[in-house]
1. Roughly speaking, to the nearest percent, how much of the stretch 338-480's 1.4 Å accessible area is carbon and sulfur?
2. What lysines could a cross-link reach from LYS469, if we take a straight Cα to Cα line under 22 Å and drop same-chain neighbours fewer than 8 places away?
3. Over the stretch 229-275, what is the mean sequence separation of C-alpha contacts under 8 Å (at least six apart), divided by residue count, expressed as relative contact order in percent?
4. In whole Å, how far is the Cα centre of the stretch 229-260 from that of the stretch 388-405?
5. For the peptides 86-95, 378-387, 161-170, 338-347, what is the packing order when you average, over each peptide's residues, the other Cβ atoms within 10 Å and list the highest mean first?
6. What does the helix-only formula give at 222 nm for the chain: each DSSP H stretch with n ≥ 4 adding -39500 (n - 2.57), the total divided by the residues, and the result rounded to the nearest 500 deg cm²/dmol?
7. For VAL208, enumerate residues with amide H under 5 Å from its amide H, sequence gap 5+ or separate chain, H modeled in the peptide plane.
8. Assuming a ≥ b ≥ c are the square roots of the Cα gyration tensor eigenvalues, decide whether the stretch 169-221 counts as rounded (a/c under 1.5), prolate (otherwise, with a/b larger than b/c) or oblate.
Amino acid sequence: MPKSKTIWLGSLASVAAIAIASAPAAAQQPKNPNIVVILADNLGYGELGVYGGGILRGAPTPRIDALAGEGTRLLNFNVEAQCTPSRSALLTGRFAIRSGTYEVPIGGIPDGLTQWEITTAELLSGQGYATGMWGKWHLGSAEDRMPTNQGFDEWYGIPRTYDEAMWPSLDETRSMWPSVGNRQGWNAKVVHPQHIYEARKGDKPRQVAVLDVDHRRTMDAEITSRAVEFIKRNASSGKPFYAYVPFAHVHMPTLPNLEFAGRTGNGDWAAEMDYRTGQILDAIKQAGIENDTLVIFTSDNGPEATNPWEGDNGPWRGTYFTAMEGSLRAPFIIRWPGKVPAGRISNEIVHIVDLFTTLARIGGAEVPTDRAIDGVDQLDFFLGKQEASNREGFPAYVADRLSAVKWRNWKVHLIWQETMYATPQKLPLPRVINLLTDRKEERDVAAQNSWVADPAVRIIGELEASFKKYPPIKLGTPDPYTPP
């Protein structure tokens, strides 16, 4: 652990110890709530029943739909444009452009978060939480940057991404895909296969299986069984826990567990993700901790863009790897019985960075003050104590390109790109979209609404000023990192 992180977390622990020691014995503090964050992978806005999908997409989602009715559902929850940036933003409360995690990593350079970054898991661990993660990390493939070196007590999953599961299948001559051949294509002597890992804090992560198509099919079952065991174990001990559950579905190759294949009668598009979510919710209920557990269900990105696994973006336009609404808006459901209003629906803007700050407050942790934190505390909004979000807008980066700015119901495009595979085009003049009247982002109304440039430029100016105070970390920065 870097010295700066050790000092910061150590100081926090000392302050907490003094506060506990000086508190009256009778004034016992209430137990912090358990926190479960379920993060689907590339689940488009239009896939779930409560967002207009479900049976219209060939697979009902009754458990997730019911969860939405038990809590609050957001219509304007925003993420970053790619997997790595969204996961980085979720766990650090910082736009990914700040931490050198603004795009999906490629081989050959140090990838992921520097150890200087402080994650939600580290904050909550400092408050006595048990912390566990199961699934895709995508924030560092070197051992010293894996989850158990970033605050998690335990982890089972993959360091990078699920499309690498297809590598060992490229030479299968009995499949429907043309075989590439290991002379000219992938083979293990040229590029090592990717592995599934298991790790405990303080121990060396160990490889437990090769990531191939067969293991890709069973990942969500493995993820869920481990998450359920963690929930039951900590519920029995009475220790508060933070469970981060990034599912494999529906990332390409979008293949169901064979237990679910064909069950809907609509091909491989199966209802496994809904079932696995239900298993986690059932474990919480059976443990008798439903009222003491905050549950969030969301997605890291807009829908897949690659044939034949294209996802559904609902009423919006575009795919992930763009600044279109189909990329930025993701499903979001939050439930905390007796605290978060049930059946509430809101179109207020919330960004994934806000979860870091909000969960820190819920867990009784202090947010770091030695760095730029972009997340804002949304707890009072989530609890229904106020109708408005504490955020009005944000800058939207695609990789290292500032592509758009959202403010209230307006979008100002600086770079135009409709799909992942389209060429980004820098616009000669910003394109202004009214998202209330033009959900497909087809009509530029800048001529009659040039005033929108003012709040957009203000957001950009505030970001640029913060860059001067806290320079962004460059992609590929090795450890140890020390801020200038």
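1. Percent of accessible area from carbon and sulfur atoms in the stretch 338-480: 53.
2. LYS3, LYS5
3. 24
4. 30
5. 86-95, 161-170, 378-387, 338-347
6. Only helices count here, giving -7500 deg cm²/dmol.
7. ILE196, TYR197, GLU198
8. Oblate, since a/c reaches 1.5 and b/c is not below a/b.
The values are calculated or read from the model by the stated rules, or taken from the named source; none is laboratory data. Not measured: the values here are computed from a predicted model. Every residue, glycine as well, gets a Cβ built from its backbone with ideal geometry; the counts of neighbours run over all protein chains shown. Note: areas computed on protein heavy atoms with side chains; ligands, DNA, RNA excluded. Shrake-Rupley method; radii C 1.70, N 1.55, O 1.52, S 1.80 Å.
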